[in-house]
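Notes to accompany the following structure.
Bear in mind that the values in this text are calculations on the coordinates, not laboratory data. Every value quoted in this text rests on a predicted model; they were computed, and no experiment measured them. Cβ: placed from backbone, ideal geometry, glycine included. Neighbour counts: every protein chain shown.
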Amino acid sequence: MDKSKTLSLLEIERELSASREAVFSALTQPEKMSQWFFGMDDGYSEAEVDLRIGGKYTVRMYLPNKELACAPHGEYLEIDPPQKLVFTWTAEGFVEHSVVTITLKESEKGTLLHLRHELPEEAVAEHRQGWIACSERLEAFTQSQQP
């Protein structure tokens, strides 16, 4: 990350009607991530995950026509199931080596997800839109997995 660029903090909260364990699983298991983790209106993704400190992940996000839209990737910095996940986030051409922190707290509805993404100011608006879309799909996915 270019240290000379001004960093901004993007924060999103969403209450999900699923347990923290179910949400954490959806955030870390590639077969589940592939079902909800894409930041476009339409599309799909493929995820690869090595869930360990220092392990790498890649999420390839595709447009409906199968064209690769972006492929964010990074490294896991902290893994504390089912309450915290911290990882670097690089998306070539968009953001280089930013940091995402997701915390999960029990709530009356199920789980309160709090996402913090520290990234260059010029990337905030686009990433906010993408994270909101992803969190909406995560909510729908976790609800569909309820017994």
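With each pseudo-label sitting 7 Å past Cα toward Cβ, what's the ASP80-GLU92 distance in nm, one decimal?
3.4
Send over the per residue convex hull volume for segment 7-144, Cα only, as a whole number of Å³.
Details: hull volume 12.9 nm³, N = 138.
Expressed per residue, the convex hull around the Cα atoms of segment 7-144 is 93 Å³.
How about segment 13-114: which GluC sites (Glu not before Pro) there are in a DSSP loop, with at most 12 other Cβ atoms within 10 Å of their Cβ?
Values: sites: GLU13, GLU15, GLU21, GLU31, GLU46, GLU48, GLU67, GLU75, GLU78, GLU92, GLU96, GLU106, GLU108; in loops: GLU67, GLU92, GLU108.
Of the GluC sites (Glu not before Pro), the ones in loops of segment 13-114 whose Cβ has at most 12 other Cβ atoms within 10 Å are GLU67, GLU92, GLU108.
Fewest to most neighbouring Cβ within 10 Å: what's the order for ARG14, ARG20, ARG52?
On the way: ARG14 17, ARG20 20, ARG52 10.
Ascending Cβ contact count within 10 Å gives the list ARG52, ARG14, ARG20.
What is the distance in Å between the Cα centres of segment 5-62 and segment 69-127?
About 8 Å separates the Cα centre of segment 5-62 from the one of segment 69-127.
Using a basic spin-label model with each label point 7 Å from the Cα along Cα→Cβ, how many nm lie between ALA140 and ASP50?
Between ALA140 and ASP50, the label points sit 3.3 nm apart.
Going by how many other beta carbons lie within 10 Å of each one, how would you line up MET40, MET33, fewest first?
MET40, MET33
Can you give the local net charge around HIS117? Use residues other than it whose beta-carbon is closer than 11 angstrom to its beta-carbon, Lys and Arg +1, Asp and Glu -1.
Details: positive: ARG116, ARG128; negative: GLU11, GLU118.
My count for the surroundings of HIS117 gives 0.
Charges at C-beta only: +1 for Lys and Arg, -1 for Asp and Glu. How large is the resulting dipole of segment 1-143 about its Cα centre, in Debye rounded to 20? Walk me through the numbers before you get to the answer.
Numbers: 15 positive and 25 negative charges, 48 e Å.
Dipole magnitude for segment 1-143 comes out near 220 debye.
Given 0.36 nm per residue, what is the gain on full extension from LEU68 to GLU118 after removing their alpha carbon distance, in nm? It would help to have the intermediate numbers written out before the result.
Working: separation 50, 0.36 × 50 = 18.00 nm, distance 2.45 nm.
Extra length available between LEU68 and GLU118 comes to 15.5 nm.
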